Every structure is written in C-alpha cells, then in structure tokens.
Amino acid sequence: MSQTRETFNANLAWRHRTGWLFAAVCRMATWASVVFLAVILGVIVMRAWPRLSPDFLTRFDSYKPESAGMLAGILGSFWLLSFTAAICVPIGIGAAIYLEEYARPNWFTRFIQLNISNLAGVPSIVFGILGFTAFVRMFGIPRQTIVLGLGFADVRIPLPFGRSVIAGALTLALLCLPVVIIASQEALRSVPASLRHAALALGATKWQTISRQVLPAAMPGILTGVILALSRALGETAPIAVLGAAFFITFAPGRLNSFSDLGQHPDRLVNVPFDQFTAMPLQIYNWVNEQSRDFQQHVSAAGIVVLLVVLVLMNGSAILIRQHFQRKIRW
Amino acid sequence: MNAAAAETSTPLPAETPRGSSLKRQFSWNGTYEKIIRVLLFGCALVSVITTASIVFVLLYESVLWFPGHTPFFGKVSVVEFFTATQWTPQFEGNKHFGIMPLICGTLLTTMTAGAIGLPMGLASAVYLSEYASPQARSILKPTLELLAGIPTVVYGYFGLFFLTPVLIKPLFVNVLGFSVDGFNALSGGIVVGLMIMPMVASLSEDVLRAVPSSLREAGYALGATKYDVSAKIIVPSALSGIIAAFLLALSRAIGETMAVAIACGNRPQLTLNPLRQIQTMTSFIVNMMKGDTPVGTIEYQSLYAVALMLFLMTLTMNYVSQWILRRYREAYQ
Amino acid sequence: MTTMRRISAFKCVLAALVVLPSVISIGCVKGTTAPVQAITVDGSSTVYPISQAVAEAYKVTNPGIEISVGLAGTGGGFKKFALGDLDICDASRPIRDSEIEACAKGGVEYLELIVAIDALTVVVNPANDWSPCMSVSQLKKLWEPDSKITKWNEIDPSWPDHKIELFGADTDSGTFDYFTEVIVGKAKSSRADYTNNSNDNVLVQGVTDEKFALGYFGYGYYAENQDRLKPVAIKATDDAECVLPSAETVDNSTYIPLSRPLYIYVNKKSLQRKDVAEYLQFYLSEAGQKLVTERKFLLMKADVLKDMQARLAEALK
C-alpha cells in the first residue's frame with residue numbers, strides 16, 4: 001500500500017498538471033532537435049557564404065584561403081567510395097545471403113552473428129589503426145613495386161600499399177561491412193517464404209531461387225542499406241586521418257584531374273587505386289587546423305556545405321529508391 | 001509478418017532432388033551450388049577475420065612478446081600504465097605513460113554527452129511513440145535521421161567555432177566568472193551529446209513501441225492518465241531495452257574521435273573541470289598518427305596500447321548492451 | 001536449356017578468373033619508377049609552408065607539373081632522401097654525419113641550399129613589466145623536463161609571486177624540436193604541463209589574454225601581432241647582451257641562439273630534370289623569395305642569396 005501511495009497521487013487535477021508538464025518537456029526535447037539542426041546548418045551556411053562559389057568545386061587546395069578549392073577532396077572521396085563499394089557490397093551481400101539462406105542455426109552461425117554486431121560497435125578509429133597496420137604498412141614487409149603489363153598500360157602496385165586509395169578503400173570497406181550485412185539480412189528476411197517455396201517447387205536450385213527470386217525482391221532494401229553505409233563512410237574522417245592520407249595535395253588520384261585528362265589518358269585509370277589521395281572530410285579537418293582565421297572559419301565551412309550537399313543527395317536517393325519499390329512490390 | 005520471418009529463417013533443403021534422366025545436368029548444378037556456398041561462407045568469414053586481425057594487431061604491439069620484439073607492456077609496466085598521472089609520450093627525457101589523464105578526458109566528455117544526449121533522447125522517444133501526431137512524426141523522424149547522419153567533423157567545427165565562443169564563453173566567463181579554455185571538454189561533450197541523441201531516440205522508440213498495447217489499454221482501463229501510462233507503465237516495462245540503448249550510445253560517445261579532437265584540444269591532464277582543455281584516448285590516437293611516428297618506438301607502441309583500452313571498453317559496453325537486449329526480448333515473447 | 005547456358009557462362013567466368021591472373025602475372029616485373037613524373041618534396045614541417053607556397057605559385061605558371069609536398073619531419077625526410085625516393089628534402093638543420101653516410105650508401109649525391117631564415121620569439125603579455133630580458137639558462141630552468149618552476153619569482157626573486165601560464169609549440173612541430181634543442185639542449189625534451197597547440201594563433205591569443213603568460217613561437221607570428229604581444233630579449237649566455245628579435249639582429253647574427261637558416265637538399269640526379277631545375281630557380285628568384293615573407297619567415301641576407309643562386313647555377317651546368 002505504501003508503495004502505491006508514493007507513485008500514485010489520487011488528486012486528478014494534480015495528475016493532469018504533471019502530465020501536461022511531462023508532455024511539454026518531452027515535446028520540447030524532441031523539437032529541440034529541429035532547432036539544433038537549423039542552428040548548425042544556419043551557422044555553417046552563414047560562415048561559408050563568402051567562400052562558396054563554383055570555383056570552390058573546381059580548384060585544388062591552396063595556401064591562400066581565397067583560392068582554396070575542394071577538387072582533390074571531391075575526386076578523392078569519389079574514388080575512395082567507388083572502391084569501398086566495389087569491395088564491401090559483394091562481400092556484405094554474400095555474407096548476408098549465407099547467414100539468412102544457408103547457415104544452419106548452430107554455434108558457429110551464432111558466433112558470426114554476434115561477431116558482426118560487435119564489429120558494428122567498434123570505434124572507427126580502431127579500424128583506422130587496423131588499416132594502417134595491415135594495408136598501409138602491411139606489417140612492415142619490405143617495399144617493392146609489382147608491375148603488371150596489361151598491354152595498353154602498366155599497373156604499378158606498390159607493396160605495402162602505402163597511403164593510397166586502395167588502402168583507404170579496404171579500411172572503409174571493413175568499416176561498412178557490418179552495416180551492409182545487417183541491412184541486407186533484414187531485407188532478405190522480409191522477402192516472404194512463399195516466394196522461395198514456389199521457386200523451389202518449380203524445380204529451381206537453391207542458388208537459382210536466391211539469385212533470381214529472393215535477391216531481386218530484397219534489392220531495394222539492400223540498396224538503401226548500402227547507400228546509408230556509404231554515406232556514413234563518406235563522412236568518416238578518423239580512419240582516413242589515421243591512415244595518414246596526404247593533407248596537402250594538388251592532384252586527383254591517378255592524376256585524372258578533369259574529364260579531358262580522362263579522355264587523353266584513359267590508361268591512367270588503372271593506377272588510380274595506388275595513388276595518393278585526400279578526402280572531403282579530411283580536407284575540412286585540415287582547414288580547421290590551419291593557422292589563418294579565414295581557413296578555419298570560412299573555407300572549412302564551405303567544405304562542410306559541399307560535403308553535406310553530397311550526403312543529402314545520397315540519402316535522398318536512398319529514400320527515393322525505398323519509396324519507388326515500396327509502391328511497386330506488393331506481396 | 002512475424003510468422004513469415006520465422007518460416008524463412010529455417011534453412012532451405014540443401015539437396016535438390018535428382019531425376020535419373022537429368023543426372024548429368026544435376027551433378028553440374030551440384031558442384032556449382034557447392035562453389036557458391038563456399039564463396040558465400042567465405043564472405044561471412046570476412047567479418048570474423050576482421051575481428052581477429054583487429055585483436056591481433058592491437059595485442060601484437062601492446063602485449064605479445066617474441067624474441068626481438070618487446071611489446072609496449074614490456075617497456076612500461078601495467079601498474080605504471082594504470083596509476084601514473086601523466087601522459088607525455090612525445091617529450092624526450094620526460095616520457096610518462098599513465099593513461100589516467102586520457103581516460104579522465106574521455107570520461108569527462110562522455111559524461112557530458114550522456115547528461116545531454118540520454119535524457120533528451122529518451123524524452124524524444126517517449127514523445128514520438130506516445131504523444132506525437134503523424135504530422136509531427138513526419139517532420140521529426142527525418143530531422144533525427146539527418147542529425148544522426150551529419151559527419152562528426154561538422155559537430156567538431158560547430159563546437160569549436162560556435163558553442164565555445166558564442167555560448168560557453170559568454171555564459172561562464174562574463175556571467176559566472178569562470179575561466180574557460182578556447183578548447184574545452186564541455187563544448188566537445190555537448191556536441192557528442194547532440195550526436196548520440198538521435199541514436200538514443202530511435203533505439204528507445206523501437207523498444208517503447210514493442211511494449212504490447214494490452215499494457216497501455218490496461219492502464220487506461222484503470223483510469224490512468226496518459227502521463228501515468230507512459231511514465232509509469234511503458235517506460236518501466238521497456239527499461240532494460242532503454243538501458244541497452246543508453247549503453248550503446250555511451251559506447252559510441254567513448255569511441256567518438258573527430259568532434260572531440262577538434263573541440264576539446266590535445267593537452268592530456270587529470271582534471272574534472274569541463275572548462276579545461278583535455279585529451280581523450282581517441283584524439284590522442286588521431287593526433288599522434290597524423291605526425292609520422294617512427295615505427296617500433298615506444299610512442300608508436302603506446303598508440304596500440306591506448307587503442308586496445310578503447311577497444312576493450314567499447315566492446316564490453318556493446319556486449320553488455322546486447323546481453324540485456326537478448327534477455328529483454330525473451331521476456332516478451 | 002536456360003540452365004545449360006547459364007552453366008557454360010559460369011564456366012567461362014570461372015575459367016577467366018583462373019586464366020587472366022596467370023596471363024597478367026607473366027608480364028610481372030619489379031620496378032620503382034612513379035606512374036607520372038612529379039617533383040617529390042618531403043621533410044621538415046617548418047620549411048613545409050614555404051615549399052608548399054612556392055610549389056603552388058610555380059604550378060600557376062607551369063600547369064603540367066605535379067609537385068607533392070610532405071612534412072615527414074627533417075629526420076624522416078632524410079631517411080626517404082637517402083633511399084633516393086625524394087627529389088628534394090626540406091630540412092630545418094644541416095644534414096648530420098649519419099645522414100651523409102646513409103646518402104653515400106644509397107648512392108645519393110646532393111646539393112645544399114639555404115632558402116630562408118627562421119627565428120623564434122619568446123613573448124609575454126604587454127602588461128608584463130618585470131621580465132624584459134631572459135637568459136638562455138633561465139629559459140632552460142623553466143622549460144626543462146623536470147622543471148619545478150610554477151611561479152615567476154622562482155626564476156628571479158624580484159619577479160611577482162604569481163603562477164606562470166606557459167604556451168608553446170605542438171610536439172609535432174619543427175618549432176618544438178628547435179626550441180627544445182637550443183634552449184634545453186636536447187630535441188623534444190621539454191616539460192609537458194603547458195598549453196601546446198599546432199595553431200600559433202591559439203598561442204598568440206593565450207598570451208594576449210593572460211597577464212602572467214609566457215610563450216614561444218615563430219617570429220612571423222610575433223611580427224604580425226606586435227601590438228598585442230611583448231617580445232623578451234634573449235641573453236645567449238649569462239654575461240652576454242640582451243638582444244631583442246628583429247630583422248636586423250637576425251641579419252647580423254646577434255639574435256642567438258633562436259635564429260637559424262632553413263635548408264633544402266636536392267638530389268643531384270633530379271637536377272638533370274628540367275622541371276626540378278626550373279622549380280629551384282624559381283625558389284631562389286625574387287618571386288619565390290617573396291613567398292618566404294608571405295609565409296612569415298625572414299629572408300636571408302642579399303649576399304647569401306647571391307651565393308645560393310651561384311651554387312645552383314654551378315650545379316646545373
């Protein structure tokens with residue numbers, strides 16, 4: 001009885017007042033997030049205003065704030081993400097298919113599953129240290145360059161990878177992997193079993209069922225997860241900073257600085273993964289650490305605006321994909 | 001929906017029926033299927049290999065002893081590591097390896113972040129699951145998703161160039177009369193708090209929504225107000241899930257790097273004053289790695305020792321959180 | 001039928017996966033040259049801002065040329081330089097005997113050029129009227145690793161009984177190495193309980209805000225904030241004259257030990273390349289030297305510059 005008295009007040013008016021207050025507090029806390037978002041975006045756009053211009057997108061970095069640009073970061077991030085996606089998407093989807101469709105519910109499967117969810121919680125900087133040791137230094141193996149003659153161009157693979165695009169992409173791929181696996185698993189799980197049973201009943205093999213029926217049906221969900229994972233990778237600074245990507249760089253990976261470069265030297269494409277690079281968030285971090293106020297406050301804010309625009313575009317496309325397919329597929 | 005999910009998770013028959021007239025073709029299919037299966041298993045194994053290599057890399061430089069290779073803890077005693085009060089690996093002739101200042105800095109920012117992010121996140125979760133109209137949800141959910149998606153460098157920028165000069169300094173220096181460093185733990189903690197808040201909100205909202213509505217209805221039937229139902233029935237019955245969400249968010253705050261590296265500075269000191277410049281474990285790693293630290297030196301190895309600490313702390317918190325979640329789920333099925 | 005066709009397609013892919021790498025690996029040879037020729041510069045983080053600015057200005061007139069400038073530190077730069085990985089190594093001190101040996105072992109011949117002068121300034125708050133001049137030994141007592149000095153009057157009894165707030169360079173910077181080397185006597189050997197930052201503006205602000213502060217950083221930052229800071233004159237030995245930092249005292253070598261020349265070392269093999277030669281000529285030209293002032297370093301004396309230009313011309317012949 002005494003306990004009830006402590007938690008329960010019989011005065012209805014008092015209870016309504018407390019209830020009103022409680023609701024008000026919760027409402028305020030939630031709407032505060034909208035205010036934060038507005039303030040953060042407002043402050044950044046305001047500070048970025050003097051430095052935002054189309055030139056900012058097409059110039060390389062400079063020691064002068066008025067001529068600094070983000071091209072090296074934009075192209076660097078582009079290549080970095082392309083290779084990250086190329087490495088992590090097939091492995092991630094493959095792992096999800098194995099876990100959802102093939103694995104028997106034994107201790108090893110549970111171990112893999114537990115391992116994936118733990119990996120998702122490992123701080124990104126620890127992945128950076130892994131990448132530095134395993135890909136940049138390769139545990140200190142002696143330096144050498146392997147040249148692969150492809151006929152039209154030579155691929156020069158430095159070993160260890162050093163501070164190259166491929167080292168960064170491998171690191172980010174490992175970082176994204178748990179997110180992609182978990183999202184793909186959820187997407188596969190939401191495909192109704194009747195679809196699988198129908199395909200198997202018609203004589204399809206297991207892999208035919210999965211590759212032609214289950215996977216296409218799960219694709220929108222998987223794609224959404226992949227895009228979200230990649231947009232997280234795009235904003236990741238810590239692992240790339242730890243890898244020691246170059247901070248002042250006035251060329252793009254593979255020295256493909258423009259479309260005309262690509263037209264003139266398409267052979268350079270093969271060396272893109274093994275070239276030095278910088279990435280958008282890293283450039284922002286370096287500008288924040290610059291000496292001059294103009295760099296710290298305005299150039300870095302302009303960089304942030306560019307980065308946020310790219311992120312919004314990526315997230316927007318994820319939402320579009322989700323909506324488009326949700327309308328089309330009805331079970 | 002649940003039934004369908006349960007059905008699909010049972011493995012499909014591995015063997016396909018073999019007809020005698022199609023023998024050749026099916027044996028081809030069999031090898032093909034086997035290769036696929038092995039490839040997919042390999043993909044699943046990548047995550048295990050990743051974890052194993054993280055553990056190996058961290059242990060190799062910090063504890064594993066080989067002939068010709070002395071690890072970090074072979075050069076610095078474990079007792080010194082945990083009790084010394086100075087962290088100065090870069091000062092020749094004055095090297096001290098006491099991780100306390102770094103842990104203290106990490107806890108200071110994490111506590112501040114928790115004090116802001118956890119209650120706000122929980123309040124948002126309650127509002128979203130119990131009070132909010134569909135229209136309000138349609139604005140709030142994307143906003144929270146956007147907040148969660150903003151890269152952490154941006155939060156660092158916001159803390160260093162907006163919170164500290166525009167809010168913290170005027171308030172604490174001019175109104176309250178404290179002295180405030182240009183880099184301080186408070187600004188970093190606040191932005192990390194804002195960063196983990198969407199995460200707390202969405203994870204807690206999921207557990208609040210998972211509370212069976214029979215509990216709500218029973219509450220209303222007994223004459224409880226909406227406040228009584230949400231604060232005294234729903235939240236307590238989802239408590240373990242909420243605690244799990246809190247732990248996950250705090251572990252994220254501990255591992256957060258860029259926001260604190262930018263906003264909190266890089267002076268490791270043993271202080272509980274959030275207005276001072278501090279260094280967290282993560283910002284030590286990123287600051288040290290930026291410079292070319294010669295491989296094999298004790299400063300280089302100290303990176304791995306700190307990373308190992310960080311890894312163990314976040315791993316423990318994640319593991320406990322998952323354990324709580326599993327127990328909680330069982331309770332409601 | 002579909003199954004049949006799919007299987008053969010799969011076999012083709014499988015075959016390609018096996019055959020292609022082996023075909024490619026036939027063409028495997030070891031090589032070292034970079035894919036696209038670029039001028040590679042690495043080394044001292046102190047010289048970095050100058051090299052970076054010169055590289056950028058040079059690229060404006062020579063758009064086809066790529067220059068990568070790194071800041072591995074003087075020691076790290078020489079390591080790579082001796083292996084023949086660099087065209088140019090930036091250095092904030094002359095090359096050491098061990099590094100000369102390493103270069104000889106790696107078959108690297110080099111050309112040494114002075115490009116600018118670096119000076120450090122010890123500064124205090126303008127309201128500080130007690131310590132217009134400090135000796136190196138006083139500074140050493142203050143900054144050495146186990147220094148117990150926390151108050152001004154522990155350096156000199158006539159100075160105020162008040163806590164000193166110390167500001168200094170980030171441990172990664174060349175300024176930190178240099179200051180500790182000439183003041184404490186050993187590079188990177190310093191007390192640790194001071195505010196260090198890689199951003200000199202933070203240090204300038206710190207000393208400006210705090211009456212009992214003392215800090216050190218590059219002369220360029222002091223020169224830019226002369227109205228907010230007060231320089232401390234330096235006595236090289238206890239019975240020497242107090243010398244204030246200025247362009248003249250650096251020029252006539254009386255402001256010691258806190259001023260030093262900055263060097264670049266060029267691999268003589270790279271000198272044969274037209275882009276490297278032109279880059280160096282630009283470095284020592286009037287336009288190049290203007291950037292030295294712009295990046296807040298001091299110019300070397302006119303006759304030293306002439307010497308350097310002659311040395312370069314000689315090597316290019």
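Please treat every number below as a calculation from the coordinates, not as lab data. Quantities reported herein were computed from a predicted structural model and do not represent experimental measurements. Note: ideal-geometry Cβ built from the backbone for every residue, glycine included; neighbour counts use all protein chains shown.
Under the rule a/c < 1.5 gives rounded, and otherwise a/b versus b/c splits prolate from oblate, where does chain B land using the Cα gyration tensor? Since a/c reaches 1.5 but b/c is at least a/b, the shape of chain B is classed as oblate. With the cut-off at under 19 Å, measuring from each backbone N in the stretch A:211-255 to a point 7 Å along the Cα-to-Cβ line of C:E224 picks out A:248. The H on the amide N of C:A233, modeled in the peptide plane, is under 5 Å from the matching H of C:C133, C:M134, each at least 5 residues off or on a different chain.
Sequence gap at least 6, Cα distance under 8 Å: using those rules, report the relative contact order of the stretch A:113-167 to the nearest whole percent.
Details: 50 pairs, mean separation 17.2, N = 55.
About 31 percent, as a whole number.
For chain A, the normalised intensity computed at q = 0.14, 0.15, 0.16 Å⁻¹ comes to -1.19, -1.26, -1.33 (log10 of I(q)/I(0), Debye sum over alpha carbons, equal scatterers, no solvent).
How high is the relative contact order of the stretch A:131-204, in percent, with contacts defined as C-alpha pairs under 8 Å that are six or more residues apart? Result for the stretch A:131-204 is 26 percent. Per residue of peptide A:308-314, the mean number of Cβ atoms on other chains within 10 Å of the residue Cβ is 2.
With the alpha-carbon atoms of the stretch A:185-245 aligned to their principal axes, the span from lowest to highest coordinate is 54, 18, 12 Å, starting with the largest.
Could you list A:S62, B:S230, B:S213 so that the one with the fewest beta carbons within 10 Å of its beta carbon is first and the one with the most is last? Walk me through the intermediate numbers first.
Working: A:S62 20, B:S230 23, B:S213 9.
Arranged by neighbour count, lowest to highest, A:S62, B:S230, B:S213 become B:S213, A:S62, B:S230.
For the pair C:L83 and C:S285, the difference between a 0.36 nm per residue extended length and the Cα-Cα distance amounts to 69.8 nm. Sorted largest first, the spans of the alpha carbon positions of chain C along the three principal axes are 99, 56, 37 Å. At what distance in nm do the modelled label points of B:S77 and B:L239 sit from each other, each positioned 7 Å from its Cα along Cα→Cβ? Distance between the two pseudo-spin positions: 4.4 nm.
Whole angstrom only: what separates the Cα centroid of the stretch A:177-241 from the Cα centroid of the stretch A:12-31? Spelled out, the Cα-based centre of one part sits 42 Å from the other. Taking a ≥ b ≥ c as the square roots of the eigenvalues of the alpha carbon gyration tensor, the stretch C:129-237 is rounded, as a/c is under 1.5.
Does the stretch B:185-333 classify as rounded, prolate or oblate by the C-alpha gyration tensor (a ≥ b ≥ c root eigenvalues; a/c under 1.5 gives rounded; else a/b over b/c gives prolate, otherwise oblate)? Could the numbers behind the result be given before it?
Numbers: a/c = 4.16, a/b = 2.34, b/c = 1.78.
Verdict is prolate for the stretch B:185-333.
Computed from backbone phi with θ = phi - 60° and the Karplus coefficients 6.51, -1.76 and 1.60, the 3J(HN,Hα) list for the stretch B:116-123 is 9, x, 5, x, 5, x, 5, 4 Hz; x is used for glycine and proline. Explain nothing, just the number: relative contact order of the stretch B:149-272, from Cα pairs under 8 Å at least 6 residues apart, as a whole percent. Relative CO of the stretch B:149-272 lands at 44 percent.
Result for chain C in a Gaussian network model with C-alpha springs under 10 Å: among C:S158, C:S135, C:S259, the largest mean-square fluctuation is at C:S158. DSSP finds beta bridges in the protein assembly as shown, and of those with both partners inside it, around 70 percent are antiparallel.
Regarding the protein assembly as shown, what is the average projected area of its C-alpha convex hull, in nm²? Could you put the intermediate results ahead of the total?
Working: hull surface 190.4 nm².
Across all orientations, the protein assembly as shown yields a mean hull projection of 47.6 nm².
Per-residue shielding of B:223-232, expressed as the average number of other chain Cβ atoms within 10 Å of the residue Cβ, stands at 5. Each stretch of four or more DSSP H residues adds -39500 (n - 2.57); spread over every residue of chain B, this sum gives -21000 deg cm²/dmol at 222 nm.
With the highest mean first, a sort of the peptides C:76-88, B:277-289 on other beta-carbon atoms found within 10 angstrom per residue produces B:277-289, C:76-88. Between C:E248 and A:A153, the modelled labels are 6.1 nm apart [label points 7 Å from Cα along Cα→Cβ].
Sorting A:F111, C:F176 on the 10 Å Cβ count, fewest up front, what's the list? Please report the intermediate quantities before stating the final value.
Numbers: A:F111 11, C:F176 24.
The most exposed by this proxy come first: A:F111, C:F176.
Remark on C:Y194: its backbone amide H falls under 5 Å from none of the residues 5 or more positions apart or on other chains, H modelled at 1.01 Å from N.
Computed from backbone phi, the HN-Hα couplings of the stretch C:200-206 come to 4, 5, 5, 5, 4, 4, x Hz, rounded to whole numbers (Karplus: 6.51 cos²θ - 1.76 cosθ + 1.60, θ = phi - 60°; Gly and Pro given as x).
Pulled fully out, how much extra length does the chain show between A:I141 and A:N11, if you take 0.36 nm times their separation in residues and subtract their Cα-Cα distance?
Values: separation 130, 0.36 × 130 = 46.80 nm, distance 7.63 nm.
My answer for the length gained is 39.2 nm.
Once you've got the GNM for chain C with C-alpha springs shorter than 10 Å, pick whichever of C:V202, C:V123, C:V184 has the biggest mean-square fluctuation. The residue with the greatest mean-square fluctuation here is C:V202.
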